[in-house]
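So the structure is just underneath, and the comments pick up after that.
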Amino acid sequence: MSTTGMRRRYWLMKSEPEDFSIDDLERVGTEPWTGVRNYQARNFMRDGMRRGDGVLFYHSNCAVPGIYGIAEVASSAYPDPTQFDRTSKYFDPKATREEPRWMLVDVGFVRSFAAPVTLEAIRGRAEALGEDFALIRKGSRLSVLPVNAAQWKILLAMEPK
DNA sequence: GCCAACGTTGGC
DNA sequence: GCCAACGTTGGC
């Protein structure tokens, strides 16, 4: 075991700003990332994320899609409570408390950008970001995806000053 | 609002 | 296990 601790990992998490924006996160401070119903995205949260990991907060399905700020993983993974809630749109009749299907982490606000790193700008750096950057991979719709250290550095350097 | 791309469901 | 039908995502 390293005495310097485990290296942080980095992620990108999408949210529709009409549903939950970076400003909403700033207001509440920490938010359980409910509603992920894709197995690959779930697996990243359940198996990959650790408290303190960096998160790029991405706004999707809006006028200017892009990265609007930074957040961090604020808990380890635990069952998404909405899967058990009959009144929730995320209710899953096949999930049980003994065998939950959907896991989430809490996400904490770090800071918002003065202006977004737009999807358009990100596409412009596609070559530097590389083939394994799932955000701009053709057909990829993952709402939670890994970002490597080099990509994290590139994307943060793109923040408009 | 359109629609391409993708994931899931369920009949067979 | 195949695959058609359906639902969802998300850019435009």
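Some observations on this one:
- List A:99, A:26, ordered by accessible area with a 1.4 Å probe, largest first: A:99, A:26
- Dipole size of region A:1-144 about its Cα centre, with +1 on Lys/Arg Cβ and -1 on Asp/Glu Cβ: approximately 380 debye, rounded to the nearest 20.
- Model label points for residue A:89 and residue A:62, set 7 angstrom from Cα along the Cα-to-Cβ axis, are 1.7 nm apart.
- Spin-label pair residue A:138/residue A:75, simplified geometry with 7 Å Cα→Cβ offset, distance in nm: 4.0
- Residues A:12, A:142 ordered from highest to lowest accessible area at a 1.4 Å probe: A:142, A:12.
- Rough spin-label spacing in nm, given labels placed 7 Å along Cα→Cβ, for residue A:156 and residue A:34: 3.2
- The chymotrypsin sites (Phe, Trp or Tyr not before Pro) found in region A:52-161 that occupy coil by DSSP, while having at most 15 further C-beta atoms within 10 Å, are A:91.
- Residue by residue, region A:62-77 carries 3J(HN,Hα) couplings of 8, 4, 10, x, x, 8, 10, x, 10, 10, 9, 6, 10, 7, 7, 6 Hz when phi is fed to the Karplus relation 6.51 cos²θ - 1.76 cosθ + 1.60 (θ = phi - 60°); x denotes Gly or Pro.
- Measuring nothing but alpha carbons in chain A and taking Rh as the Kirkwood radius, the Rg to Rh ratio lands at 0.97.
- Of the GluC sites (Glu not before Pro) in region A:98-161, the ones in a loop by DSSP (not H, G, I, E or B) with at most 12 other beta carbons within 10 Å are A:98, A:131.
The values are calculated or read from the model by the stated rules, or taken from the named source; none is laboratory data. Here the structure is a predicted model, which is why all the values come from computation and not from measurement. Using ideal geometry, Cβ is built from the backbone for each residue, glycine included, and neighbour counts are taken over all protein chains shown. SASA here: full protein model, heavy atoms, side chains in, ligands and nucleic acids out. Shrake-Rupley method; radii C 1.70, N 1.55, O 1.52, S 1.80 Å.
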